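Structure incoming, see below.
The values are calculated or read from the model by the stated rules, or taken from the named source; none is laboratory data. Just so we're clear, the structure is a prediction, and the values are computed from it rather than from any experiment. With ideal geometry, Cβ positions are generated from the backbone for all residues, glycine too; neighbour counts draw on all protein chains shown.
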Amino acid sequence: MSAASDYLENAVLDHVLSNAAFTQPSTLYLGLFTESGSTAANLEAGTLTDEVGGGSYIRETISFDPASAGSADSAATVTFTTATATWGEITHVAVMDASSGGNVLFYGAVTTPKTIESGDTFQVTAGNLTISLA
């Protein structure tokens, strides 16, 4: 995953080039998204219309190891709550700055989309989500 949202791109540029304050989120969350034909464009713009909803879905916290060579990997396994209804086919994930609403920071398509039915869980194992600026 190497796509930063418009929000984050602008915040980082303003912070570095214009000495504008950027408050680092105290907690990061991973959100799950389904494909609508414009999911990547929606996430780039910070539009959350394709986020999974209902069926016990909540964003889960995520942390990252220190960056090396322009990349940072997820530090621990992230396991979402067991779905109590069908969530649909998960095609994208996004790192967010809030447990609901908030801003998209980074986003990307999953390598292999997965349909989540009632009783299923979605998991990202440690080291399998990489954010890269290189």
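Going by what's in this entry, would N103 be described as free of Cβ contacts under 8 Å to residues at least 24 places away in the same chain and closer than 21 Å to D6 by Cβ?
no
Search segment 46-70 for residues being at pLDDT below 95 and of a type in the set (S, T, Y), and hand back the single one that is farthest from A83 (Cα to Cα).
S68
Looking for whichever is closer than 17 Å to G102 by Cα, without any contact (Cβ under 8 Å) to a residue 24 or more places away in the chain and surrounded by 18 or more Cβ atoms within 10 Å (Cβ to Cβ) here; the options are N10, N42. Which one fits?
Working: N10 fails: surrounded by 18 or more Cβ atoms within 10 Å (Cβ to Cβ).
Answer to the check: N42.
Checking the structure you have, find out if any residue of segment 21-29 is touching an Asp or Glu at 6+ places or on another chain (Cβ under 9 Å), hydroxyl-bearing (S, T, Y), buried (at least 18 other Cβ atoms within 10 Å of the Cβ) and modelled with pLDDT of 90 or more.
yes
Turning to a different aspect of this structure: Kindly indicate whether any position in segment 102-110 is modelled with pLDDT of 95 or more and out of contact with any strand residue (DSSP E or B) (no Cβ under 8 Å at 6 or more places or on another chain).
Looking through segment 102-110, none of the residues is modelled with pLDDT of 95 or more and out of contact with any strand residue (DSSP E or B) (no Cβ under 8 Å at 6 or more places or on another chain).
Is there a residue in segment 72-95 that is surrounded by fewer than 18 Cβ atoms within 10 Å (Cβ to Cβ) and touching a Leu at 6+ places or on another chain (Cβ under 8 Å)?
Yes: one or more hits.
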